[in-house]
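First the structure, in the form of C-alpha cells, and then the observations on it.
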Amino acid sequence: MKYVLTTEALCKRYKKTNALDDFYMHVPKGAIYGFIGKNGAGKTTLIRMICGLSKPTSGSYTLYGIKNSDKEMEQTRRHMGAVVETPALTLEMTAEENLRQQYRIYGLSSFDGIGKLLELVGLEKAGKKKVKAFSLGMKQRLGIAMALACEPDFLVLDEPTNGLDPQGIIELRELILELNHEKGITFLISSHILDELARVATHYGIIDQGKMLREFSAEELEKESETHIHIKAEAADAQELLSVLKDRGISYELVSQKDKKLEEYFVSLVGGDDHA
Ligand code: ATP
C-alpha cells in the first residue's frame, strides 16, 4: 500500500508533557483518514508538525515517502494543503481578494483558477462579498479553497466541523467526498464528532496520551460491528425459535454481540470518562 503520510516513533515533548510519544501513523493514498482522540490527546501537535510548524523531539515522519530530515521536504510539503484551527482569512477583503492574496503567496502568476475554486467549494455567488459577512460554514469552505489553491493532493483539516450548523456540516461533508472521489485528494481529518466522521472516513486512527492506540479501516470496523438481531426469549422458546430458523434454512450463529459503532469502539479503547 502507498502511504501519503507515515510516522515512526515520533515524539514531541513540551517540558513535562509527552504530546506525542513513540507515535506511529499510516495514512494510505486516497483515504479519508479520521483522526480521533480526546481533548489534549495530541492531534493538533501531530498536525502542526506535519505542516512544518514545529519539529519532532525525536523520531521521524514521511510525506510521500520523503523523510522530514530530507532536503526535499519543503518542496514535498507544497503538495499538501491544511486548514488548522480557524482559517486565516482577511475579513475586510472579499472571497476573491483573499484567494488572490493566497495565489500571490504561492507565487502563482495567473488568477484564472479562482472562479473554478469558488465554484468547487460552492461560493461562486459569494466571491464579491466581504468575508466578514460570511457564515462560519462559508468561512470554512473558503479556508478549504485557500488550501486548495496550490492544487494539493493531500488535505489536512483540523476539527473542520467545529461551530458549524447542521447545513454547514452537510455541505462540508459533500465537499470532502467530492474532492476525494473526483480529484483523488487524500484527507486527514481530526474531529470530535464521531458520527459525522463515520459518514466519510475510510480509515481511522485513535490517539490517546500521545500514542496511537489503533489504526483500522472502515471495512474492519464494519466487520467488527456487523449488526446482529438480538432476540430475547425464554429458554424453551429459544430452542423452538432456533429449530424454526433451521427448518427454514436460515443460517445463524450463536454469538451474542452488540452493535459496536465507532463511538462505542472509541470508548472501549480509551475509556469514556472524558469527551472525545
Ligand atoms: P484538542 O482536541 O483539545 O485540540 P489535541 O488532541 O489537539 O486536543 P494537543 O493540542 O496536540 O491535543 O495537545 C497535546 C498535549 O500537549 C496537551 O497536554 C497540551 O497541553 C500539550 N501542549 C500542546 N502544545 C503545547 C505547547 N506549545 N506547550 C506546552 N504544552 C503543549
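The values are calculated or read from the model by the stated rules, or taken from the named source; none is laboratory data. All values reported here derive from a predicted model rather than from experimental measurement. So basically every Cβ, Gly included, is an ideal-geometry build from the backbone, and we count neighbours across all protein chains shown. When the accessible area is computed, the model is the full protein with side chains, heavy atoms only, and any ligands, DNA or RNA have been set aside. Shrake-Rupley method; radii C 1.70, N 1.55, O 1.52, S 1.80 Å.
Which one of Tyr64, Tyr24 is surrounded by 14 or more Cβ atoms within 10 Å (Cβ to Cβ) and touching a His at 6+ places or on another chain (Cβ under 7 Å)? Spell out the reasoning first.
On the way: Tyr24 fails: touching a His at 6+ places or on another chain (Cβ under 7 Å).
Unique residue meeting the criteria: Tyr64.
Considering only residues that are more than 11 Å from the ligand (Cβ to nearest atom) and not hydrophobic (A, V, I, L, M, F, W, C), which ones fall in the range 1-32?
Selection gives Lys2, Tyr3, Thr6, Thr7, Glu8, Asp22, Tyr24, His26, Pro28, Lys29, Gly30.
Only residues that are open to solvent by 10 Å² or more (accessible area, probe 1.4 Å) and out of contact with any Gly (no Cβ under 6 Å at 6 or more places or on another chain): list them for the range 131-140, please.
Lys132, Ala133, Phe134, Ser135, Met138, Lys139, Gln140
Please indicate, with yes or no, whether at least one residue in the range 70-82 is in a strand (DSSP E or B), among the polar types (S, T, N, Q), modelled with pLDDT under 95 and open to solvent by 10 Å² or more (accessible area, probe 1.4 Å). Full working, then the answer.
We begin by selecting, within the range 70-82, every residue in a strand (DSSP E or B); these are 80-82.
After this cut, where a residue has to be among the polar types (S, T, N, Q) as well, the list is none.
Within the range 70-82, not a single residue is in a strand (DSSP E or B), among the polar types (S, T, N, Q), modelled with pLDDT under 95 and open to solvent by 10 Å² or more (accessible area, probe 1.4 Å).
Of everything in the range 85-112, what is modelled with pLDDT under 85 and either outside any loop (DSSP other than H, G, I, E, B) or within 26 Å of the chain's Cα centre (by Cα) (or both)? Give them in sequence order.
Once the filter is applied, which keeps residues that are modelled with pLDDT under 85 and either outside any loop (DSSP other than H, G, I, E, B) or within 26 Å of the chain's Cα centre (by Cα) (or both), the range 85-112 yields Glu85, Thr86, Pro87, Ala88, Ile105, Tyr106.
Please go through the range 64-93 and give me each residue that is of a type in the set (A, V, I, L, M, F, W, C), within 29 Å of Thr161 (Cα to Cα) and out of contact with any strand residue (DSSP E or B) (no Cβ under 9 Å at 6 or more places or on another chain), ordered by number.
Ala88, Leu89
Restricting the search to the range 104-130, which residues are β-branched (Val, Ile, Thr) and either open to solvent by 40 Å² or more (accessible area, probe 1.4 Å) or over 19 Å from Ile169 (Cα atoms) (or both)?
Of the range 104-130, the ones β-branched (Val, Ile, Thr) are 105, 114, 121.
If the condition is that a residue be β-branched (Val, Ile, Thr) and either open to solvent by 40 Å² or more (accessible area, probe 1.4 Å) or over 19 Å from Ile169 (Cα atoms) (or both), then Ile105, Ile114 are the ones that fit.
I need a count of the residues in the range 33-61 that are within 8 Å of the ligand (Cβ to nearest atom), more than 16 Å from Glu8 (Cα to Cα) and crowded, with 23+ Cβ neighbours inside 10 Å.
Counting residues in the range 33-61 that are within 8 Å of the ligand (Cβ to nearest atom), more than 16 Å from Glu8 (Cα to Cα) and crowded, with 23+ Cβ neighbours inside 10 Å gives 2.
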